[in-house]
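Notes for the one structure printed next.
Any read-out appearing in this document is the output of simple, stated calculations on the displayed coordinates, not a laboratory observation. Just so it is clear, the structure is predicted and the values come from calculations on it, not from any experiment. Cβ: placed from backbone, ideal geometry, glycine included. Neighbour counts: every protein chain shown.
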Amino acid sequence: MEGIYEPKMEAPKIKTVSKWNARIPYIIAYGTLGITTLPIILMYLWLLMSSFSTQMKHGVIPVEFTLENWRFLWTNVEMVGSVYPSIWTATWNSFVFAGVLTVLEVIIGVMAGYALSRMEFPGRQGIMKMTMMLHAFPSVALLIAVFFILNFMGLFDSLLGVILVKTALQIPMTAWIIKGFFDDVPWDLEWAGLIDGCNRFKVWYTIVIPIIKPGIAAVSIFSFLAGWSEFLLLYTFVLSDDNITLSTYLQKLISDPNLVNYGLLSAVSLFYMIPVLIFFIFTQKSLMQVSAGGGKGV
Amino acid sequence: MKKSKFLINGMRKHSLPWLMLAPFLILIVIFFFLPIILIAVNAFTDMDSALQWTFNGIDNFKKMLLDPNMPEILKNTFIYVFFTLAINVLFGLVLGLLTSYFIQKESVGLLFRTIWMLPRISPPVVYVLLWLWFFDPSPYGILNSLRALVDLPPGEWLSSNPKTAIVLANGMIGASFGMIIFSSAIKSIPENLFQAAKVDGASQWSIIQDIIIPAIRWPLMFVTMWQLLSLLTSYEYILLLTGGGPMVESEVLSLYSYHKAFESFEYGYGSAVSLVLVVIALGFSAIIWKVFGMKKMMGTSRVE
Amino acid sequence: MKKSVLSLVSFLTVAAAALTGCQKQSEADAQPADNGVVTISAWSEGAEVTRLTNLEKASEKLNEELKSQGKDIQVKVEPKSFDGGWDQYAKQFMLSAKAGKAPDIYITPHETIGWLADGNYIMPLDELRDSKEYADVFPKLWDAASYNGHIWGALQDNEARPVFYNKNILKDLGWNETEIEELPEKVRRGEFTLDDMTKLAEEVVKQGKAKYGVIHRPVNGADFHYFNYLFGGQLYSEEDNKIVLDKSAVGKQLAYHYELAQKKLLPDKLISMEWKNVHRMVVNGETLFYYGGIWNVFNWGNDNFHDQLGKVDAKWVNENFGMMLVPAAEKGGEPITLSHPFLYTVNAKTKHPDLTKRLLELVADPKLQTEHNLQTFHLPVTERAAEDPEFKTDLTLGNIAYMSEYTTFLPNHEGFTKYSNVFWNSLQAVELGKQTPDQALESMEAQLKVDLGEDLKIVE
Amino acid sequence: MKIELKNICKTFNKQSNTINNLDMTINDGEFVALVGPSGCGKSTTMLMIAGIYKPTSGNLYFDGQLVNDLEPKDRNIGMVFQSYALYPHMTVLDNIAFPLKQQKVPKEERYERAKNAADMVHLGHLLDRKPSQLSGGQQQRVALARAIVKKPKVLLLDEPMSNLDARLKIEMREEISRIQKELGITAIMVTHDQEEAMTTADRVAIMKEGELIQYSSPMELYNRPKNYFVAQFIGNPPMNFLKSQLAVKDGKCQFYINDTTVDLNNHLPKIKSHNSIKDIYAGIRPYDLKLGQKGDITLDGVVSLVEPTGHSKMVNVKVGDDRIRFFADPLQKIERGSKITLTASISSIHLFDCESGENLTAETIGEGQDNKLVINS
């Protein structure tokens, strides 16, 4: 503070010192970031290299470039006798799984989020509390019980069944996030719609929904990512190869620890991750929206 | 007469919200409430691989008290949740600050954020395998290979520090969650606040302390609470990374219930452990609820 | 207010139940036989697909047989090879059985028949014993398929878990060719004991001829329990149908592993290593002994484990490694191995029990067995198959066929999984030096009492 | 359309914004402004008229018809919001046409009418833009066009000009007045800016803590504020208040101000007690104060601040412990720190009870000759 009133003669000296002082935080910042990020970079670099080489010398040095590990893209991989299903079937199934999950999640979440955020009805507080608390349930510990229910519904060994389960497990969180976005829509807009001749429902889908598009985008991304990498539920409740997804395909590759082909595994892992990675890079702006408004929404 | 009219009005008025909530509630009832009831009932049976509901009173809970592993598992659970949570929140905050405040260049920030998202968007199986390869105690492990380059003997990591390993592996995943939430919160702080602070001669540290932290107080609390509950009930990565071992050194309560139910097929006992976990988690939510004053978030409707 | 929520929730529950109930009814009973084709489904786990393809080949024979009998039925085998851990495989079967989607034939390691039988998942197959196809089964093997006085599965294969020794290291130590080749025989005669083996390993490590003396599997598995039998212990008491904790045998067992670890004969933290790296250490000659399985020869041929050669074939393995039984505990004692026969079990709810049983008789054909054995390095279950010339001339298998005589099995009791998990924890504790064998035994006893309860019998 | 509010009460879970037994009539074609500090319930009242809130008790009539439970869409009203509440995802034209779309007006006619409405607010050239591409004033016009496009019976304006700069404010004020008169529509405006209310409305309703304090024409509000609250609320710059005392002795009435005693014989305040001394505020509007000593009362003070406003100078003067303002001729030389004497006519003075805030002069001034006097001053 006092520097401002110092005589002008002193100014250059102060400037150089403060320049260094100002840089130090940045040096520390980049330094910390660099050091902590290095292991991750190494790990994934290793994954990339091993997918393109026949063997890793001393574990880290790739030898002999090959595309052999990527052969699953054009043929059905055959490993010691057993022929694996086509990767494209798995990709398609993963896509369908994540896609349907996302659509369901968004539709149900948006409806519930709106009701919770904007409507007054008996039991509202209770449902909100419940929503908030539900995610505390060790959902995976419910697996066995979920099996009885799926079985009762005749949905065991069907993608639809798992989609429903997964949707249900995520819906409290989704509804809550969406509720946050609805909370941020000015009441004025909704009132304007009412006065302009809409009923409550119409206001909702002609005015409010378009406004919370960023929120819907964020939730869609979350759901899609979650669906794309879902493993345990698919693995437990889906049997037939027709319903194989990328995560269960990957599991097939490592099922016998004696026979893991690491090059192939790396390649399939990358194949599995790349769409998500691209998806993330393009959508991260929307993802960042989630906590816009001081994270109130989340 | 009047009352019935009131009722009809009430029903009409409230039917829309219930209609909109219906799919949500149906899903929750079918896939949360019913399973919870089933688990609660199951906890009093000795269901095993034959999947028969034979009631055995509170035997499962007695067994839990006698279980010599229990004290260590509880201790592990506490250590695991506490330290992972610390990494999640603190390191997530550091990352958020670094990538969205210190690094003004959007492309660089994006690059680092993307790298840090890798663990999160990797399929768990792949992520864990990378860890296993990285820390493998044989000379072929990545870390040991690197050590060999500078003539260090192979070290061993996972089995001597299993808890550290699961905390770090989970911490790295959770940190990215914090990072995303905090980054976006920091980005939503109005630019002129920083300008004002700089004009007032604030140091970087004081900007962080006096402007950023208070502004993201809510997301901070949110992440803490969310992660606390998630960590308490998740075990996928531990299962894949150490399987709870060696011995029970990295076994946590949720994993124990999985092991009991799906590895030794003691579904009844596993359900009992789950039930305890559910109760603990609910207790935590209730406490957090109180501390947070969650009611503030429940604004009332402004259309009638 | 509360009331209305409550009533709504209950309404929803009822509605949901009603809805799902309808769905269940509408799901029609799948009729298997159309155009006289009967589908018999079969599940297997892991890479040994010959277990399934053999069934398909057997079905061709069955169809010929049916045709010659003038029956208008054709059998079609619908195979599914499952991938995932064994407990996952078991869980899937359990759940599928409850959902009515379990296969007719479930291929499983023998020790699971305990719970499969107890849970009424599978049917007894006692009549197989009398069939001509299974008449010449090695009698000892029937033990593996028996539980509660019944036969629960058709024996599919057998294997051996030999100790691999590295010939090059012994050569390096100054052993001559004959000495090296004679070692298995000396073990068989009880002249070379477990102590001798440990001493030899110590010498090798001391002289720096190899990095490690002994390596065993890095994860829990059946191998460890042959030491129990080796030290005169037992794991199962048939008369009470209980799992046995034989304290003296287990104590010796733990002491043996403790010794290996204390003398640094094992790689440090072996129990947390990856299988892949264990294979590499063995193939690259970093250890003198390896408690392996005969199928490892198959594994080593399938991945680039060798630093220079990459994949190695059976010929190379036999040139560089010898295979022997687990040496006896004392001079003149009996050496041992353990095997883990696979069974074809039959779903208790199968719609075609007779056809399925006949199929299982046909799949025991020596030729089919040999096909499986040669491809996946397993041993035959019948004498006729053992006499098969193709099998006999196989480099690896021919040499170790004798091991079947010394074989032992795991108990078939359901509680054994729990026992095995608890034992694995104690083994880790002693190898990591976190507990002495006595302490480990003590905590093992405490844990087993809780986990097994009435199913445990303790023998001092 | 005539709007009647009868004994309307509205309560919320929280304390503020409640309405307490409100009675009010708005005549057909009238422009009424609701004024009051924030939280006084003016917006609540408007939203009840709009139908967004429903009264807790009491009745609301449109042209004599009970509309308590009528949904907003069925009330045929147009509304302009403080935030304008433009639909961000629609173009200007779509925004304006939106109410017509809800009425299922055919597409062509809809756009025709929307364009007409847009022309009415001089927006014809911006029809394809999105609200975010418009300036505040333009957004305001869009909102206005949207409110009138369906030819509503009632136009509701919620703080319509609070986000505009001073110049635009005046422009819009005129615009709104013009359109309201042109359409002959009943209009209700909520504002916290008394000047806005005074200049545009036919009648102004002043509210405080959920109650209607005074409801009359702007001039009456200005000249005959019912109480202290209204007096200090209305007028810009606000009325000057001097702390003083009112003494009633044997039917004679005096008040003391600035060391002088003023007789109130001709302006008998409405006071019952015949022997008492009361704390009062004596209110004088800045425009009623003049330099010099010719008036009924004189005040001596020290100039503390001089603000030139162009057409005059606003001077802050310290009188005793009170601060007052008055307007001086721009050519007059007044300097900070100088001592001056101010004067005012007795008829321009309002006396307010310190405790109840009641205007003690109102009654007398309300009748007879003094009325004229006050208006003229």
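Figures for the structure shown
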| read-out | value |
| --- | --- |
| Those aspartates and glutamates that a straight Cα-Cα span of less than 17 Å connects to D:LYS313, excepting residues fewer than 8 apart in one chain | D:ASP288, D:ASP329, D:GLU335 |
| Percent of beta bridges antiparallel (DSSP, the stretch D:3-226, rounded to nearest 5) | 50 |
| Whole-angstrom Cα spans of the stretch D:22-83 along principal axes, big to small | 31, 26, 23 |
| Protection-proxy order for peptides A:101-107, B:52-58, each taking the mean of Cβ atoms within 10 Å per residue, highest first | A:101-107, B:52-58 |
| At 0.890 mPa s and 25 °C, Stokes D of the stretch D:229-353 from Kirkwood alpha-carbon radius, µm² per second | 162 |
| Whichever aspartates and glutamates have a C-alpha closer than 17 Å to that of C:LYS61, once near sequence neighbours (fewer than 8 apart) are set aside | C:ASP72, C:GLU78, C:GLU133, C:ASP354, C:GLU361, C:ASP365, C:GLU371 |
| Count of lysine pairs in the stretch D:134-293 with Cα separation under 18 Å (8 or more residues apart, or interchain) | 14 |
| Per-residue Cβ neighbour rank within 10 angstrom, fewest leading, A:MET111, B:MET20, B:MET179 | A:MET111, B:MET20, B:MET179 |
| For D:ILE234, B:ILE115, order by how many other beta-carbon atoms lie within 10 Å, fewest first | B:ILE115, D:ILE234 |
| Taking the C-alpha atoms of the protein assembly as shown, convex hull volume expressed per residue in Å³ | 252 |
| Net lengthening on full extension, D:LYS151/D:ILE334 (0.36 nm per residue, minus Cα-Cα) | 60.4 nm |
| Inter-site label distance for C:LYS67 and A:ARG71 at 7 Å from Cα along Cβ, in nm | 3.6 |
| Restraint check, C:LYS140/C:LYS367; D:LYS6/D:LYS54; C:LYS91/C:LYS351, Cα-Cα greater than 19 Å | C:LYS140/C:LYS367; C:LYS91/C:LYS351 |
| Folded to 0 to 90 degrees: helix C:2-26 orientation relative to chain C principal axis, Cα | 90 |
| Cut-off under 5 Å, modelled amide H: who pairs with D:VAL190 long-range | D:LEU34, D:LEU157, D:ASP158, D:GLU159 |
| In the stretch A:81-293, lysine pairs closer than 27 Å at Cα, eight or more apart or cross-chain | 12 |
| Of B:LYS260/C:LYS449; C:LYS242/C:LYS418; B:LYS163/B:LYS187, those spanning more than 23 Å from alpha-carbon to alpha-carbon | B:LYS163/B:LYS187 |
| 10 Å Cβ neighbours from other chains, averaged over peptide A:27-39 | 4 |
| Estimated Rh, the stretch B:75-298: Kirkwood, alpha-carbon pairs, angstrom | 19.6 |
| Residues C:ARG280, B:ARG147, D:ARG325, D:ARG336 arranged by fewest to most Cβ contacts within 10 Å | D:ARG336, B:ARG147, D:ARG325, C:ARG280 |
| Anchor C:LYS98: aspartates and glutamates whose Cα lies under 14 Å away (excluding residues fewer than 8 positions away in-chain) | A:ASP157, B:ASP48 |
| Peptide-level mean, for C:77-89, of C-beta atoms on other protein chains within 10 Å | 4 |
